[in-house]
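Data block below; observations after.
The values are calculated or read from the model by the stated rules, or taken from the named source; none is laboratory data. Predicted model only: the values in this text are computed from it and were never measured. All Cβ positions, glycine included, derive from the backbone under ideal geometry; neighbour counts span all protein chains shown. These area figures cover heavy atoms from the full protein model, side chains too; ligands, DNA and RNA do not enter into them. Shrake-Rupley method; radii C 1.70, N 1.55, O 1.52, S 1.80 Å.
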Amino acid sequence: MTISVRLNEEDSKLIKAYADMNNISLSDLIRNAVLEKIEDEYDLKSYNKAIKEYKKNPKTYTMDEVKEELGL
């Protein structure tokens with residue numbers, strides 16, 4: 001799949017310089033940045049969900065309790 005992105009000249013130079021400085025292709029740089037952004041947002045949503053659940057029942061468990069519960 002091919003995706004086009006329109007950039008002004010200043011942004012284009014900055015992105016190309018960054019890719020060159022890190023010895024990676026523009027495609028790899030952009031793909032990695034987008035995937036990282038998606039992962040960060042997913043992690044934040046998961047965190048917020050976990051905090052919401054924790055606030056409903058703020059009980060915590062020790063590692064030993066977790067191992068015992070799981071039969072490890």
**OP:** Only residues that are open to solvent by 80 Å² or more (accessible area, probe 1.4 Å) and assigned to a helix (DSSP H, G or I): list them for the range 49-62, please.
**Re:** Lys49, Lys52, Glu53, Tyr54, Lys55, Lys56
Original post:
Scanning for something open to solvent by less than 80 Å² (accessible area, probe 1.4 Å), at negative phi and touching a helix residue (DSSP H, G or I) at 6+ places or on another chain (Cβ under 7 Å), does the range 37-44 turn up at least one residue?
Top reply: no
Original post:
What do you reckon, is Glu69 surrounded by 10 or more Cβ atoms within 10 Å (Cβ to Cβ) and assigned to a helix (DSSP H, G or I)?
Top reply: no
Subject >> Complete set of residues in the range 1-36 that are open to solvent by less than 90 Å² (accessible area, probe 1.4 Å) and in contact (Cβ under 8 Å) with a residue 12 or more places away in the chain >> reply: Ile15, Leu29, Ile30
